[in-house]
1. Scan PHE31, PHE126, PHE83 and give me the residue that is modelled with pLDDT under 95, touching a strand residue (DSSP E or B) at 6+ places or on another chain (Cβ under 6 Å) and within 29 Å of LEU201 (Cβ to Cβ).
2. Sort out which residues of segment 85-135 are open to solvent by 20 Å² or more (accessible area, probe 1.4 Å), of a type in the set (A, V, I, L, M) and under 21 Å from the mean Cα position of the chain (by Cα), and write them in order of number.
3. So the check is Cβ under 9 Å with 6+ separation or different chains; which pairs have a first residue in segment 136-153 that's assigned to a strand (DSSP E or B) and a second one that's polar (S, T, N, Q)?
4. Examine segment 35-56 for a residue that is assigned to a helix (DSSP H, G or I), crowded, with 16+ Cβ neighbours inside 10 Å, within 17 Å of the chain's Cα centre (by Cα) and of a type outside the set (A, V, I, L, M, F, W, C), and state whether such a residue exists.
5. Just need a number here: residues in segment 78-88 that are touching a residue at least 40 places away in the same chain (Cβ under 8 Å) and out of contact with any helix residue (DSSP H, G or I) (no Cβ under 8 Å at 6 or more places or on another chain).
6. Taking the condition more than 30 Å from ASN27 (Cβ to Cβ) and open to solvent by less than 70 Å² (accessible area, probe 1.4 Å), does TYR157 pass?
Amino acid sequence: MSITVVEASENNLDDLCMLCMPPDRKNDPVFMKGVELKKIWARDMLKRWGSVAKIAYVGESPAGLIQYTPVPDEMVVRIICIFVPYKEHWRRGVGKKLLTSLIEDMRSPKSWFGGKPPLALVTKPFPGEMPGQYPARNFFIDMGFKQVEEDPSLLYYPLKHGFVYTPVKQSRPSYMPQKDDKGKVVIIYGSSFCPWSYLFLKKSGQEIEKAVHNVRIRWINSLEEPAEAEKRGISEGVIVNGRLISSFILDDREAFIKEVLAALEK
């Protein structure tokens, strides 16, 4: 099986974004909206960094992707996604080819880091493999990644001999309550490296509507209403009665609805 890996560019953004599209979702307007939001994210990343992802092709067909972003404050590159969607390409070397290409590329000096190469690759594998798919965490460890002592969910691959990665503690964006959010549901969305993000938010809204009679949901597109997102301090999330919901709909629907109902009672 002949596998080639190329950089993502304006010329192949459709391949980058449509790789995330399950065949049965091609006529789903919600998922297509997520694809559109990913394309906006990718274009912004290309303008900002000049590099955002690599795409693997088997023959002329896109077969997998690896997405990443520089972290200048830490002198590392964070892998945010590696994905080989089709079963016929699993365990055939597509993921290995993508990661090997990225490792080799990142040994070279980068303008992001003042003309120096990054110190390491860092990733937090997402435990959402499909039946029969090799777990991402196992894959990265097999490829030489090490566990971060301070955070076992993080893995890193040192590019500088002897380098040990210690994550810099960064404060996460926190929701700033607004009077306008009282008594209603507000869902904020925008561009994202993953088209599923919008789908998950839509699912959250649908489940809230099922659980709460006559609930009002305000959707805020941070691309179209940036001031509305900025004053709330977050670019994505579900807010209920002035409280940011921390539960994730796919992890535990019951916990998600319980938290929503509790917020509405406040």
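The values are calculated or read from the model by the stated rules, or taken from the named source; none is laboratory data. For clarity, every value in this text was computed on a predicted model and none was experimentally measured. Note: ideal-geometry Cβ built from the backbone for every residue, glycine included; neighbour counts use all protein chains shown. Each accessible area value is taken on the protein alone, full model and side chains, heavy atoms only, with ligands, DNA and RNA left out. Shrake-Rupley method; radii C 1.70, N 1.55, O 1.52, S 1.80 Å.
1. Exactly one of PHE31, PHE126, PHE83 is modelled with pLDDT under 95, touching a strand residue (DSSP E or B) at 6+ places or on another chain (Cβ under 6 Å) and within 29 Å of LEU201 (Cβ to Cβ), namely PHE83.
2. Result: MET130, single match.
3. Final answer for the pair search is GLN147/SER153.
4. Within segment 35-56 (the criterion being assigned to a helix (DSSP H, G or I), crowded, with 16+ Cβ neighbours inside 10 Å, within 17 Å of the chain's Cα centre (by Cα) and of a type outside the set (A, V, I, L, M, F, W, C)), the answer is yes, since at least one residue qualifies.
5. Number of matching residues: 6.
6. Details: more than 30 Å from ASN27 (Cβ to Cβ): yes; open to solvent by less than 70 Å² (accessible area, probe 1.4 Å): yes.
Yes: the conditions hold for TYR157.
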